Amino acid sequence: MQNGKIDKIWELLNTVPDPEIPVISVVELGVIRDVQFTNNSFLILITPTYSGCPAVKTFQDDIKTCLLENGIENFELKIVYSPAWTTDWMNDATKEKLRKFGIAPPSNKVICPQCNSQNTTLISEFGSTACKSLFKCDDCLEPFDFFKCI
Ligand SMILES: [Zn+2]
């Protein structure tokens, strides 16, 4: 019974997009650590990505809105800082979605998401958000965001 309810929460969370990268959900991003059911209430454990990332507040609000819209009111969000979030928590399917969206996924090598060239140059440590760096491809000349590896 309770496990079924917890699955339902995961399903709903999987529909909440990352505020900065709408093609991936907060579950795919790996920020939802666990969902528990205690004292008749769901406890959702969240580990923020980059510390101080302004998106943390946004996605907490988005999660609350999503659950409330689906008639779930007995829940609590709890931020857990340890273990720290890492890009390793993103699976390959998620990285592929990032690439298709035009963002180079976290990796040891910065590869152009447009033409797969490894011939790239860092333009700025900070791209459209603090979580990303701005690169330029030396082959197709397109600028692109690289999701920083941590
Ligand atoms: Zn390129």
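The values are calculated or read from the model by the stated rules, or taken from the named source; none is laboratory data. Predicted model, so just to flag it, every value in this text is computed and none were measured. Every residue, glycine as well, gets a Cβ built from its backbone with ideal geometry; the counts of neighbours run over all protein chains shown. With ligands, DNA and RNA removed, areas are computed over all heavy atoms of the protein, side chains included. Shrake-Rupley method; radii C 1.70, N 1.55, O 1.52, S 1.80 Å.
List, please: which pairs have Cβ atoms under 6 Å, are six or more places apart or on different chains, and start with a residue in segment 54-71 that is on the phi < 0 side of the Ramachandran plot and end with one that is part of a helix (DSSP H, G or I) and at pLDDT 95 or above?
Final answer for the pair search is CYS66/LEU12; ASN70/LEU12.
In segment 16-49, what count of residues is obtained for those that are in a loop (DSSP other than H, G, I, E, B) and open to solvent by 30 Å² or more (accessible area, probe 1.4 Å)?
Applying the first criterion (in a loop (DSSP other than H, G, I, E, B)) to segment 16-49 yields 16, 18-24, 30-31, 39-40, 47-49.
From what's left, open to solvent by 30 Å² or more (accessible area, probe 1.4 Å): 19-20, 22-23, 39-40.
So the count comes out to 6.
Identify all residues within segment 91-115 that are farther than 21 Å from ILE24 by Cα and either near the ligand (Cβ under 9 Å from one of its atoms) or in contact with a strand residue (DSSP E or B) (Cβ under 7 Å, 6 or more places away or on another chain) (or both); write none if there are none.
CYS115
Given (1) open to solvent by 60 Å² or more (accessible area, probe 1.4 Å); (2) among the small types (Gly, Ala, Ser); (3) free of Cβ contacts under 8 Å to residues at least 60 places away in the same chain, identify the lone condition not met by SER128.
Here SER128 meets the rest and fails (3).
Quick one: which of PHE126, PHE144, PHE135 is touching a Leu at 6+ places or on another chain (Cβ under 8 Å), part of a loop (DSSP other than H, G, I, E, B) and either outside the structural domain of ILE24 (by TED's automatic domain parsing) or within 14 Å of the ligand (Cβ to nearest atom) (or both)? Working first, answer last.
Working: PHE144 fails: part of a loop (DSSP other than H, G, I, E, B); PHE135 fails: part of a loop (DSSP other than H, G, I, E, B).
Result: PHE126 is the single residue among PHE126, PHE144, PHE135 that is touching a Leu at 6+ places or on another chain (Cβ under 8 Å), part of a loop (DSSP other than H, G, I, E, B) and either outside the structural domain of ILE24 (by TED's automatic domain parsing) or within 14 Å of the ligand (Cβ to nearest atom) (or both).
Picking from THR58, THR121, which residue would you name as being polar (S, T, N, Q) and away from the ligand (no atom under 16 Å from the Cβ)? Don't jump to the end; show me each part of the working.
Numbers: THR121 fails: away from the ligand (no atom under 16 Å from the Cβ).
Answer to the selection: THR58.
Limited to segment 55-85, what total is found for residues that are surrounded by 12 or more Cβ atoms within 10 Å (Cβ to Cβ) and modelled with pLDDT under 90?
6
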